Amino acid sequence: MNRFASDHSRNASLTGGVVVLTLSDTRTQENDAGGDLAIELVTAAGHRLIDRLILKEEPQLIAETVGRYAGNAEVDAIFITGGTGIARRDRTCETIAQLLTQEIPGYGELFRYLSFKEIGPAAMLSRAQAGLIDDTFVLTMPGSPGAVRLAMEQLILPELSHLLEERRR
């Protein structure tokens, strides 16, 4: 392992409080497989689930809810599933972009690259994004279980402890 990789893993056990938001006009607690998977993976990794909500894709509702959680000292990260495509109702990315105080463009770039390896050119339709609202991480991903698994297992969870450590310095 190189020095950079070992620096990243030195506090791999640092955990945080997480909110999972599903943005959909059709999902319910009974059929939100992507949200269920995000919760399963985040809690299995030792992080605390602070809350889970399913919201309609209404920009004002999204902005108010994300802003409220970002202002909560218990919440370190907000994981958002759904609303990252190009359908007329998919306004998650525009709404979140207006709230971010810092962007993390590498997340979306890597998500699309890894998606491309799995699903081909349709990966370019994802507008997954990440950034910070002050000290709270906000990461969006498509709502399908496959996309949630890819984002959580290959990108978010391997780096979440490191991200938390960087913000707590």
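Which Cα, out of ALA123, PHE137, HIS162, lies furthest along the positive dipole direction of the chain (beta carbon charges, K/R +1, D/E -1)?
Of the options given, the answer is ALA123.
Could you line up TYR113, TYR69 from fewest to most neighbouring Cβ atoms inside 10 Å?
In increasing order of surrounding Cβ atoms, one gets TYR113, TYR69.
What ranking do THR22, THR81 get, fewest neighbouring Cβ atoms within 10 angstrom at the top? Mind showing how you got there, number by number?
On the way: THR22 24, THR81 31.
Final ranking by Cβ density, sparse to dense: THR22, THR81.
So what's the net charge close to ASP32: Lys and Arg +1, Asp and Glu -1, counting the other residues with Cβ under 15 Å from its Cβ?
Values: positive: ARG27, ARG52, LYS56, ARG149; negative: ASP25, GLU30, ASP36, GLU40, ASP51, GLU57.
Combined, the nearby Lys, Arg, Asp and Glu give -2.
I want the local charge near MET141. Using Cβ-Cβ distances under 12 Å, sum +1 for each Lys or Arg and -1 for each Asp or Glu among the other residues.
Numbers: positive: ARG112, ARG127, ARG149; negative: GLU153.
Cβ neighbours under 12 Å give a net charge of +2.
For the chain, what does the helix formula give at 222 nm: sum of -39500 (n - 2.57) over DSSP H segments with n ≥ 4, over the residue count, nearest 500 deg cm²/dmol? Kindly include the intermediate steps, with their values, before the conclusion.
Details: 7 runs with 72 residues, N = 169.
Estimated from H runs of four or more residues: -12500 deg cm²/dmol.
For the pair TYR113 and GLN98, how long in nm is the line joining their label points, each one 7 Å along Cα→Cβ?
So the two model labels end up 3.2 nm from each other.
At what distance in nm do the modelled label points of THR43 and ALA63 sit from each other, each positioned 7 Å from its Cα along Cα→Cβ?
Simple spin-label model gives 3.3 nm for this pair.
If Lys and Arg each add +1 and Asp and Glu each add -1, what is the summed charge of the other residues whose beta carbon sits under 15 Å from the beta carbon of LEU49? Spell out each step's value before the answer.
Numbers: positive: ARG48, ARG52; negative: ASP32, ASP36, GLU40, ASP51, GLU74, ASP76.
With Lys, Arg at +1 and Asp, Glu at -1, the net is -4.
What ranking do 132-143, 53-64 get when scored by the average of other Cβ atoms within 10 Å per residue, highest first? Please report the intermediate quantities before stating the final value.
Numbers: 132-143: 22.3, 53-64: 15.1.
Per-residue mean Cβ counts within 10 Å order the peptides as 132-143, 53-64.
Go through ALA87, LEU110, SER24 and say which Cα lies farthest out towards the positive end of the charge dipole of the range 1-149; charges sit on Cβ, +1 for Lys and Arg, -1 for Asp and Glu.
LEU110
Which percent of Cα-Cα pairs in the chain sits in each 5 Å bin, short to long?
So the P(r) values, bin by bin, are 1, 9, 19, 23, 23, 15, 7, 2, 1, 0.
Based on the Kirkwood radius over alpha-carbon pairs, what value in µm²/s does the Stokes-Einstein equation return for the translational diffusion coefficient of the range 76-138 at 4 °C and 1.567 mPa s? List each step's numbers first, then the result.
Details: Rh = 12.2 Å.
Taking Rh from Cα pairs, D becomes 106 µm²/s.
How much length, in nm to one decimal, is gained on full extension between LEU125 and GLU166, taken as 0.36 nm per residue of separation minus their Cα-Cα distance? Please report the intermediate quantities before stating the final value.
Numbers: separation 41, 0.36 × 41 = 14.76 nm, distance 3.07 nm.
Here the segment from LEU125 to GLU166 would lengthen by 11.7 nm.
Only the coordinates and a few stated rules stand behind these numbers; no lab work does. Because the structure is predicted, anything quoted here is derived from the model rather than measured. Heads up, the Cβs are rebuilt from the backbone with ideal geometry, glycines too, and the neighbour counts pull from every protein chain shown.
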